[in-house]
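The values are calculated or read from the model by the stated rules, or taken from the named source; none is laboratory data. None of the values given here were measured: they were computed from a predicted structure. Every residue, glycine as well, gets a Cβ built from its backbone with ideal geometry; the counts of neighbours run over all protein chains shown. SASA here: full protein model, heavy atoms, side chains in, ligands and nucleic acids out. Shrake-Rupley method; radii C 1.70, N 1.55, O 1.52, S 1.80 Å.
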Amino acid sequence: MLSLYDTILNGNAKGAAAATRQRLDEGAAALDLVQQEMVPAMDEVGRRFECEDYFVPQLLLSARAMKAALELIRPLLAAGGAEPAGRVAIGTVKGDLHDIGKNIVAAMLEGAGFEVIDLGADVPPQAFVDAIRNRGVRLVALSALITVTMPSMKTTIDALSAAGVRDMVKVMVGGAPVTQRYADEIGADGYTENAASAVALARRLCA
């Protein structure tokens with residue numbers, strides 16, 4: 001029998017989907033699969049990444065496997081009224097077209113039980129404002145991968161303040177050129193240097 005935990009840990013998307021179907025057919029509860037197998041598997045992926053036992057390719061493969069399992073489980077969670085760990089709007093800021101890091105963080109957050117609204121890349125500040133107002137987002141995750149787009153993070157946070165929604169959310173920032181000092185300067189609530197630590201930060205900010 002395929003282990004859902006192992007298929008995610010090993011980045012086997014087809015296996016993860018098959019294991020999920022098998023467990024659901026056997027009567028396993030969707031929420032139990034998330035909490036007892038999927039979240040622990042992605043936590044272990046994050047731990048291995050931190051220890052440099054895993055690198056970005058393994059992280060991507062595990063995230064893809066986790067998504068394959070989630071595709072089957074998400075409708076059941078919604079039908080059962082399961083509450084997500086938090087609702088997050090994530091995007092790469094205006095002017096920045098890079099999305100691989102953002103995609104990994106989005107997948108890791110989803111694997112940790114968050115509802116993720118992925119706004120994509122080159123996202124204007126108003127899109128984040130709209131997500132907060134219209135979709136009940138309580139955490140905003142901003143990514144910038146090149147130095148010249150870092151000011152867009154401040155522009156976005158300023159736009160949240162101007163729209164009167166800044167106090168409704170926590171804002172976390174990350175990306176290759178971003179530092180804790182810069183996060184503090186622009187008034188972000190948290191900074192994360194990689195996808196694995198993003199989950200821990202998001203949990204802390206949503207607690």
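Here the Karplus curve 6.51 cos²θ - 1.76 cosθ + 1.60, taken at θ = phi - 60°, turns the phi angles of region 158-175 into couplings of 4, 5, 5, 5, 4, 7, x, 10, 4, 6, 8, 9, 9, 10, 10, 10, x, x Hz, with x standing for Gly and Pro.
Here the simple spin-label model places points 7 Å from the Cα toward Cβ, and for Asp43 and Thr147 these points are separated by 3.9 nm. In whole percent, and with a 1.4 Å probe on the protein chains, what portion of the accessible area of the chain is carbon and sulfur? The value for the chain is 52 percent carbon and sulfur by accessible area. Charge tally around Asp96: other residues with Cβ under 13 Å, Lys/Arg +1 each, Asp/Glu -1 each, net 0.
Close Lys pairs in the chain (alpha-carbon distance under 21 Å; sequence gap of 8 or more, or different chains): 8.
A 1.4 Å probe over all protein chains sorts Phe128, Phe55, Phe49 by accessible area into Phe55, Phe49, Phe128, starting with the largest. Taking 0.36 nm per residue of separation and subtracting the current Cα-Cα distance, fully stretching the chain between Arg64 and Asp6 would add 19.5 nm.
Once the C-beta distance of Arg135 and Ala82 is scaled by a Förster radius of 22 Å, the resulting FRET efficiency is 0.80 to the nearest 0.05. When the Cα gyration tensor is reduced to axis lengths a ≥ b ≥ c, the ratio a/c is 1.5 or higher for region 17-146, and with a/b not above b/c it is classed as oblate.
When the Cα gyration tensor is reduced to axis lengths a ≥ b ≥ c, the ratio a/c is 1.5 or higher for region 91-175, and with a/b not above b/c it is classed as oblate.
Shown is the FRET efficiency for Thr179 and Ala28, computed with R0 = 35 Å from the Cβ-Cβ distance and rounded to the nearest 0.05: 0.20. Helix-only arithmetic for the chain: the sum of -39500 (n - 2.57) across DSSP H runs with n ≥ 4, divided by the residue total, places the mean residue ellipticity at 222 nm at -16500 deg cm²/dmol. Once the 1.4 Å probe is applied to the protein heavy atoms, the chain comes out at 47 Å² accessible per residue. Tell me the angle of helix 13-25 to the major Cα principal axis of the chain, expressed in degrees between 0 and 90 and rounded to the nearest ten. Tilt relative to the chain: about 60 degrees. Ranked from largest to smallest solvent-accessible area, with a 1.4 Å probe on the protein heavy atoms, Thr179, Thr20 come out as Thr179, Thr20. Can you tell me, using C-alpha contacts under 8 Å and at least 6 residues apart, the relative contact order of region 65-207 as a whole percent? It comes to 24 percent, rounded to a whole number. Using C-alpha pairs under 8 Å with a sequence gap of at least 6, the mean separation divided by the residue count of region 37-144 gives a relative contact order of 32 percent.
Only beta bridges with both residues in the chain are counted; by DSSP, about 0 percent of them are antiparallel. Put simply, the amide H of Val173, placed in the peptide plane, has neighbours under 5 Å in Leu142, Gly190, Tyr191, Thr192, leaving out anything fewer than 5 places away on its chain. What net charge do the residues around Leu77 carry, taking every other residue with its C-beta under 12 Å from that of Leu77, with Lys and Arg at +1 and Asp and Glu at -1? Overall, the nearby charge balance is -4.
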